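To start, the structure itself, in structure tokens.
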Amino acid sequence: MNRTASISMIVLAGVLGLNGQGTRKATPMAFPAEIPPATITITGIDGKKIDITAADLFKLPQHTIKTTGYGAPATFEGVLLTDVLAKVDLPLGEKFHNTAAAYYLVVEAKDGYRAVFAWAELDLTFMDKPVYVAMKRDGKPLSVKEGPFELVAPGEKRGARWVRQVTAMTLRQAN
């Protein structure tokens with residue numbers, strides 16, 4: 001196992017072992033060595049790509065999200081999607097004042113499933129309805145079927161944009 005994989009697992013373990021609610025920092029703990037580090041490839045509006053690892057996500061403020069997931073009450077733990085996207089070039093600021101609503105985010109899953117969010121749905125200056133990248137459900141790491149990362153959009157009635165096994169996110173501008 002390489003150094004990056006080891007660090008990713010230690011940080012992942014820290015977040016998955018936390019209790020309580022609200023925003024908090026990760027605390028390290030042991031994590032099974034057989035679980036490989038996961039990444040999400042994020043592409044900004046300038047076309048530049050970065051890989052976000054579990055270790056990167058665990059450095060961000062952690063949130064507890066109580067919602068209904070797939071028809072049942074659930075408590076997820078993860079980070080704000082906007083905090084994750086802040087690592088790339090976004091349509092923010094005066095430069096995008098008249099064009100920000102023309103941007104959208106495509107979220108892709110390991111199995112090829114895709115969901116689209118209008119940028120105005122994600123930008124908290126437009127709407128107050130946060131979306132999260134979850135890493136834990138009901139106090140346990142996400143299952144192989146769901147994780148290691150799942151996009152959670154509380155308040156959506158059908159959950160069609162809840163993306164399991166997230167692998168990529170790409171910001172684009174409508175033509």
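Summary table below
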{"item": "Average accessible area per residue (Å²) across the stretch 71-175 - probe 1.4 Å, nucleic acids and ligands excluded", "result": "52"}
{"item": "Nearest-10 value in Å² for the accessible area of Lys49, using the 1.4 Å probe", "result": "140"}
{"item": "Fraction of accessible area attributable to carbon and sulfur, the stretch 34-175 (%, probe 1.4 Å)", "result": "52"}
{"item": "Alpha-carbon centroid distance for the pair the stretch 109-128 / the stretch 143-168, whole angstrom", "result": "12"}
{"item": "Potential lengthening between Thr82 and Arg114 on full extension [0.36 nm per residue; Cα-Cα distance subtracted]", "result": "9.7 nm"}
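The values are calculated or read from the model by the stated rules, or taken from the named source; none is laboratory data. Worth saying up front: this structure is predicted, and the values here are computed from it rather than measured. Ligands, DNA and RNA are excluded from the accessible area calculation, which covers all protein heavy atoms including side chains. Shrake-Rupley method; radii C 1.70, N 1.55, O 1.52, S 1.80 Å.
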